[in-house]
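Quick notes on the structure that follows.
The values are calculated or read from the model by the stated rules, or taken from the named source; none is laboratory data. Small disclaimer: the values here were computed from a predicted structure and weren't measured. Glycine also receives a Cβ, built like all others from the backbone with ideal geometry; neighbour counts cover every protein chain displayed. Just so you know, the surface numbers come from the protein's heavy atoms only, side chains and all, with ligands and any DNA or RNA stripped out. Shrake-Rupley method; radii C 1.70, N 1.55, O 1.52, S 1.80 Å.
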Amino acid sequence: MARPRSLDRDLLLDAAEAVVAQFGAAALTFGKVAEAAQVPKASVQSAFGTKEGLLDALLNRWAEQEKARFARNVGPDPTPQAVIAEHIRSTAIEDHDTISRTATLLGAVAGSGQKVGAMADWYAERAGDLSAVTPEERRRRIAFLAVEGAFLLRHVVGFPMTDALWREIFDDLLAMVGDSQISSS
């Protein structure tokens, strides 16, 4: 009997991202991913086990890519202020399509009732336990939570927000933590 060829997990995740980008997370099925990757449906199911496993793998991949980009931008041994300022900047300028796909995936996972371990880990790494003692720590915490709230409103809820308003909000948040503006508006 011939040995089955091994599947490239990244190829399957690329296909899954393409499905989400084209049809939304609600359309993400093993069948659609298999069709996009041109592999048998059973191969996709074997690689991820469940739809929740597929969603978790997509979020894990996004988190790892985002963490690597973030680390390049913030540099080695950043201060807490530098971490929050870079979080504000990177969220403000993130590619709209990428951030929308991420929001769609988060919404799909939340809708499934699944706990999102990858995202909880990502948040803990980025913001710690959200404890704050000094006024500066409190401002950073508020700014971090405001960034996430703005993300939720615009990309998950679909609250209408122009790009100019988006930049203005993020400029205000950078000013709140004592950092430079994103734009000159």
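Of the residues TRP122, TRP62, the one with the largest accessible area comes first in the ranking TRP62, TRP122, computed with a 1.4 Å probe on protein heavy atoms. Relative to the longest principal axis of the Cα atoms of the chain, the long axis of helix 135-151 lies at roughly 40 degrees.
Give me the number: length gained by fully extending ASP10 to ILE142, i.e. 0.36 nm times residue separation minus the C-alpha to C-alpha distance, one decimal in nm.
Difference between extended and current length: 43.9 nm.
Please state the relative contact order of the chain as a whole percent: Cα pairs under 8 Å, 6+ residues apart? Intermediate values should be presented prior to the final figure.
Details: 157 pairs, mean separation 37.9, N = 185.
Result for the chain is 20 percent.
At a Förster distance of 45 Å, what's the computed FRET efficiency of GLU52 paired with ALA164, Cβ-Cβ distance as r, to 0.05?
Details: r = 38 Å, r/R0 = 0.85.
Efficiency, rounded to the nearest 0.05: 0.75.
Give the relative contact order (percent, whole number) for region 5-57; include only Cα pairs under 8 Å separated by 6+ residues.
Working: 43 pairs, mean separation 16.2, N = 53.
It rounds to 30 percent for region 5-57.
Any idea what angle helix 117-127 forms with the longest principal axis of the chain, computed on alpha-carbon atoms, 0 to 90 degrees, nearest 10? Result, in degrees: 20. Close Lys pairs in the chain (alpha-carbon distance under 16 Å; sequence gap of 8 or more, or different chains): 4.
Pop the C-beta distance of ALA124 and ALA26 into the FRET formula with R0 = 22 Å and round what comes out to the nearest 0.05.
0.15
To the nearest 10, the accessible area of ILE142 is 90 Å² with a 1.4 Å probe. Using Cβ point charges alone (K and R +1, D and E -1), the dipole size of the chain about the Cα centre works out to roughly 560 debye.
Go ahead and run the numbers for FRET between ALA71 and VAL133, Cβ-Cβ distance against an R0 of 22 Å, rounding to 0.05. Efficiency at R0 = 22 Å is approximately 0.25. Each Cα pair under 8 Å and six or more residues apart adds its separation to the average, and for region 1-96 the resulting relative contact order is 18 percent.
Helical content alone sets the calculated 222 nm signal of the chain at -22500 deg cm²/dmol, taking -39,500 (n - 2.57) per DSSP H segment of four or more residues and averaging over every residue. Across the chain, Cα-Cα pairs farther apart than 31 Å form 25% of the total. Axis of helix 9-23 versus longest Cα principal axis of the chain: the two differ by about 70°, to the nearest ten degrees.
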